[in-house]
Amino acid sequence: MDNTQSSKEGSLRDLIPINHPRRESLLIREKLVEALKDNVLTPSGLIAHGRGECFDYLFGEKTQDFAKKAIEAASATLLLAKNPVISVNGNMAALVPKELIELANLINAKLEINLFYRSEERLKAIKNVLIKNGAKEVLGVDDELTTIPELFSERRKVSKNGIFIADVVLLALEDGDRTEALVKMNKKVIAIDLNPLSRTSKAANITIVDNIIRAIPLMIQKVNELKNYNTGQLREIIENYDNKKIILDSLKFISGRFQEFSLSL
Ligand code: ATP
């Protein structure tokens, strides 16, 4: 981070009262606005974040039990994976770059950039963010690419050495088409998505209904905890996991919040 950026953030931190109930959320928005200026994000990335914020509000901006259970199953799956890949987009690079690299190092996963609004400038800008934060290798930019069958968006372009051969793909803020296509290719898909109603949430094998800001650090913690488990113990966690139940629990939580709110009027 350069001095201009830190002084901008510094002044913003001073501007938003410490006890402002939306302080953290406003600081995150500012990070995304900076990422937009740096070409890491597109304006639609801001809109996608807004949709996520709305759901996060309903979840009390906290990681709920259903997300904790999904994080545990996801961590076990990543530890058992042979070729795990973390698919990175602009929002992820803007909000959790360091954490993504820490997680990738822990589980020996590759980092691959995959964008809906793909351009050379954005690919380079995102790659730079990851390299600056310590990534040694970033796929999906200047290595050999191939295409995912049946997909027509720019997201169909994947690295031959990354997502194309991956057995497990971790993604977030993803569109349903690609999630469905990856599942059809027999890959285990772990999705972090605050919207339990999205096509991605429905299609993924493991759906973490949580904010990437909290989910990725919690996955790092969980992987560290589970890394001493043996294969049998990790398999047991995965076998006992029921993604449909997790999504239903998140929907029940939301309806409970509406009831709670109506009663408080
Ligand atoms: P689908 O095609 O799967 O139905 P979509 O069209 O809603 O999904 P996008 O418009 O790309 O997909 O939106 C990205 C998704 O990411 C939204 O569902 C939004 O709730 C979610 N999201 C936004 N910000 C975050 C965040 N910080 N952490 C986790 N999820 C987020």
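The values are calculated or read from the model by the stated rules, or taken from the named source; none is laboratory data. All values reported here derive from a predicted model rather than from experimental measurement. Please note: Cβ atoms are built from the backbone with ideal geometry, for glycine as well, and neighbour counts cover all protein chains shown. These accessible areas exclude ligands, DNA and RNA; they are computed on the full protein's heavy atoms, side chains included. Shrake-Rupley method; radii C 1.70, N 1.55, O 1.52, S 1.80 Å.
Under 10 °C and 1.306 mPa s, how fast does the chain diffuse according to Stokes-Einstein, given a Kirkwood radius computed over C-alpha pairs? Answer in µm²/s, whole number.
83
Nearest 20 debye, what's the magnitude of the dipole of the chain about its Cα centre given +1 on Lys and Arg Cβ and -1 on Asp and Glu Cβ?
Numbers: 38 positive and 36 negative charges, 42 e Å.
The dipole magnitude comes to about 200 debye.
Where the only charges are on Cβ atoms (+1 Lys, Arg; -1 Asp, Glu), what is the dipole of the range 75-162 about its Cα centre, to the nearest 20 debye?
Roughly 60 debye, rounded to the nearest 20.
May I ask for the Rg/Rh ratio of the range 71-122, computed from Cα atoms with Rh as the Kirkwood radius, given to two decimals?
Details: Rg = 12.1 Å, Rh = 12.0 Å.
My calculation of the ratio gives 1.02.
Based on the inverse mean of 1/r over its pairs of different Cα atoms, what is the Kirkwood hydrodynamic radius of the range 96-182, in Å? Walk me through the intermediate numbers first.
Details: mean 1/r = 0.0748 Å⁻¹.
Over the range 96-182, the inverse of the mean reciprocal pair distance is 13.4 Å.
Considering only protein heavy atoms, what per residue accessible area in square angstrom results for the chain with a 1.4 angstrom probe?
Each residue of the chain exposes 52 Å² on average to a 1.4 Å probe.
Across the Cα atoms of the range 204-256, what radius of gyration and what greatest pairwise Cα-Cα distance (Dmax) are found, in Å?
13.1, 38
What percentage of the solvent-accessible surface of the chain, computed with a 1.4 Å probe over protein heavy atoms, is contributed by carbon and sulfur atoms?
That fraction is 52 percent.
Consider just the alpha-carbon atoms of the range 1-141 and return their Rg together with their Dmax, both in angstrom.
In order Rg, Dmax, the Cα atoms of the range 1-141 give 16.3, 47 Å.
May I ask which residue of Thr63, Val189, Val85 lies farthest towards the positive end of the charge dipole of the chain, with charges of +1 (Lys, Arg) and -1 (Asp, Glu) on Cβ and the Cα centre as origin?
Final value for the positive-end residue is Val189.
Could you check what % of the DSSP bridge pairs in the chain are antiparallel, to the nearest 5? Mind dumping the intermediate values first?
On the way: 3 of 19 bridges.
Restricted to the chain, the bridges split so that about 15 percent are antiparallel.
R0 = 51 Å: FRET efficiency of Asp143 with Ile18, Cβ-based, nearest 0.05?
0.65
Under the √(5λ) rule applied to the eigenvalues of the Cα gyration tensor, what semi-axes describe the equivalent ellipsoid of the range 144-239? Give them in Å, descending.
Gyration-tensor ellipsoid for the range 144-239: 25, 17, 13 Å.
Taking the Cα-to-Cβ direction at Leu27 and at Gln233 and moving 7 Å from each Cα, how far apart do the two end points lie in nm?
Inter-label distance under the simple model: 3.5 nm.
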